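K.L.:
One structure, pasted below without further comment.
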Amino acid sequence: MIGLWWLAGLCAKQKLSIQQVHVPTVFPHPTQSALYKITKLGELDPDWLDALVQTATTVTVRDLTAFSYGWQNLHSATNEVRILLNGELLSVPETYFDPLILAQVKTPPRTFPEHVKAIGRLLGEYQISLPDWWWHYRLQQLFDGK
């Protein structure tokens, strides 16, 4: 969504048009009697992409302008982190996830293996799409003051 907002801002200024493909998160499996659910585009079977591309629609300049306002609002926010909470994109401070870290990591990790174990616990406990480097950074900020 953020990428679309950013691209819309560029295209609206230049009066360019783009094609948009709607990718449902739940749909009937093409070869089985079952529902297929995805949470990320990377979970799509590449063989299904051709069918999805056939459903592309042109995004109007008016819609591009409207999407670009979302990017402008997000870009002007002073917080460092963007999260999707209950379908709404929000800007939050980088300390937003610190209570989760403190709930799982009771003693400060002092060595690299202790950092790795702490990050593993965080990744295992919280199914949040944050990279391991982010957890490492926050551990350093919380416990090492770096």
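K.L.:
Residues to consider are VAL92, VAL105, VAL81, VAL116; find the one that is in contact (Cβ under 8 Å) with a residue 24 or more places away in the chain and surrounded by 11 or more Cβ atoms within 10 Å (Cβ to Cβ).
P.N.:
VAL105
K.L.:
Could I ask something else about it? Inside segment 58-106, can you point out the residues that are hydroxyl-bearing (Ser, Thr, Tyr) and either closer than 19 Å to HIS136 by Cα or modelled with pLDDT under 80 (or both)?
P.N.:
Answer for segment 58-106, where residues must be hydroxyl-bearing (Ser, Thr, Tyr) and either closer than 19 Å to HIS136 by Cα or modelled with pLDDT under 80 (or both): SER76, THR78, THR95, TYR96.
K.L.:
Here is a further query. Conditions: (1) at pLDDT 85 or above; (2) open to solvent by 60 Å² or more (accessible area, probe 1.4 Å); (3) touching a strand residue (DSSP E or B) at 6+ places or on another chain (Cβ under 7 Å). SER17 meets all but one. Number of the miss?
P.N.:
Every condition holds for SER17 apart from (1).
K.L.:
A further question on this structure: Within the set of pairs 6 or more residues apart or between chains, which connect a residue that is in contact (Cβ under 8 Å) with a residue 12 or more places away in the chain and among the aromatic types (Phe, Trp, Tyr) inside segment 129-141 to a residue that is open to solvent by 60 Å² or more (accessible area, probe 1.4 Å) and part of a helix (DSSP H, G or I) with Cβ atoms less than 9 Å apart?
P.N.:
TRP135/LEU123
K.L.:
Would you mind finding the one in PHE97, PHE67, PHE27 that is in contact (Cβ under 8 Å) with a residue 12 or more places away in the chain, open to solvent by less than 40 Å² (accessible area, probe 1.4 Å) and of a type in the set (Phe, Trp, Tyr)?
P.N.:
Step by step, each of PHE97, PHE67, PHE27 is checked, and only PHE97 is in contact (Cβ under 8 Å) with a residue 12 or more places away in the chain, open to solvent by less than 40 Å² (accessible area, probe 1.4 Å) and of a type in the set (Phe, Trp, Tyr).
K.L.:
May I ask you to say which residue of ASP50, ASP98 is among the charged types (D, E, K, R) and more than 19 Å from the chain's Cα centre (by Cα)?
P.N.:
Of the residues listed, the single one that is among the charged types (D, E, K, R) and more than 19 Å from the chain's Cα centre (by Cα) is ASP50.
K.L.:
So, in segment 18-74, exactly how many residues are assigned to a loop (DSSP other than H, G, I, E, B), under 29 Å from LEU90 (Cβ atoms) and not hydrophobic (A, V, I, L, M, F, W, C)?
P.N.:
6
The values are calculated or read from the model by the stated rules, or taken from the named source; none is laboratory data. Given the structure is predicted, the values throughout are model-derived calculations rather than measurements. Virtual Cβ from ideal backbone geometry, glycine too; neighbours counted across all protein chains shown. All accessible areas refer to the heavy atoms of the entire protein, side chains included, with ligands and DNA or RNA removed. Shrake-Rupley method; radii C 1.70, N 1.55, O 1.52, S 1.80 Å.
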